[in-house]
1. So Leu84 passes all but one of these: (1) under 17 Å from the mean Cα position of the chain (by Cα); (2) surrounded by 13 or more Cβ atoms within 10 Å (Cβ to Cβ). Which condition number does it fail?
2. Any idea which residue in segment 9-41 is farthest from the chain's Cα centre (by Cα), counting only those that are under 24 Å from Gln72 (Cα atoms) and loosely packed, with under 10 Cβ neighbours inside 10 Å?
3. Could you pull out the residue among Gly67, Gly94 that is more than 20 Å from the chain's Cα centre (by Cα) and not assigned by TED's automatic domain parsing to the domain that holds Trp40?
Amino acid sequence: MKSKGKVITITVLAIILFIIVGSVIWYFNTGVGGRAVKTWISNNSGGLNRTVQVYDQGGHLIKEYEGKIDVQDTEYGNKILFELNGKRTIIYNGTVIIQEK
């Protein structure tokens, strides 16, 4: 009887482990999981290789930044903050396009 209990315990643990591993694999293969990984990489490596373009209200390019950039937006959406080459740039009320290279 003791060996039957061990087999059941091992089976239940194997099923739980399979569900956990399957869930983790599934999550990281979704769009949300992929973005979470990219955000983690950006936060821990000082940014991603990006191009930041700033436009005025008329649609004319004001300034363009390129390099390893870590971008932080604000909860109100009227300010973009990023660091490039150790210098912080803050853009208020501009149209900003940020593209990963």
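The values are calculated or read from the model by the stated rules, or taken from the named source; none is laboratory data. In this text, all values refer to a predicted model and were calculated from it rather than measured experimentally. So basically every Cβ, Gly included, is an ideal-geometry build from the backbone, and we count neighbours across all protein chains shown.
1. It is condition (1) that Leu84 fails.
2. We begin by selecting, within segment 9-41, every residue under 24 Å from Gln72 (Cα atoms); these are 28, 30-41.
From the residues that got through so far, the ones that are loosely packed, with under 10 Cβ neighbours inside 10 Å too are 31-32.
Details: Gly31: 10, Val32: 9 Å.
Restricting to residues being under 24 Å from Gln72 (Cα atoms) and loosely packed, with under 10 Cβ neighbours inside 10 Å, the top hit is Gly31.
3. Gly94
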